[in-house]
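Read-outs: derived from the displayed coordinates by stated rules, not from any lab. Being a predicted model, the structure only gives us computed values, none of them experimental. For neighbour counting, all protein chains shown are included, and Cβ atoms are generated from backbone atoms with ideal geometry for every residue, glycine included.
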Amino acid sequence: MAEENTHRAQVDELLADYRRSRAQLASVHQQMAAIRQTARTPDGSVSATVGARGTLTELTISEQAYQRYRPTELAKVIVELTGQAGARALREASDALAPVLPAGTDPEALLLGTADLDATEIAPDRSKGSGKPADSTEDGEDSFAERSWLDDADAAANRR
């Protein structure tokens, strides 16, 4: 009978630990879901808000921004602001996740998907050529990073 009580006490303790861990995990999940970080231009004409995963959730562009920035400049501002907000969101998510991770686990690396990789596995292999034209992306699509819609319009006008 004493042995049965000991086993029952162990099972009760395991269940209590499980419930505490589950409650803590639910709390972290709620914290992560609530993460929102916003970055703005100094004049406030453009703002970008991202969630915990760095996904753009809101973009505000005032009329002043359309007057101040050319389209390519505005696109760069949006990308830059999204990156700034994303970096802050990543830090906030790391802080929320850290308490539930085993000691020595880097929460930022875990969130980035690089926790089990070393530096040589993360860095791109520069010894191999990509075999793609310089204006192509990894999936073979054309990159428009350094192109302007004005250049395309000028080229079209000159063909006429």
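General observations
- Added length on full extension, which subtracts the Cα-Cα distance from 0.36 nm per residue, residue 10 to residue 80: 19.8 nm
- Inter-probe distance in nm under a simple model that places probes 7 Å from Cα toward Cβ, at residue 95 and residue 114: 2.2
- Here the gap between residue 2 and residue 66, fully extended at 0.36 nm per residue and compared with their Cα-Cα distance, gives a gain of 15.2 nm.
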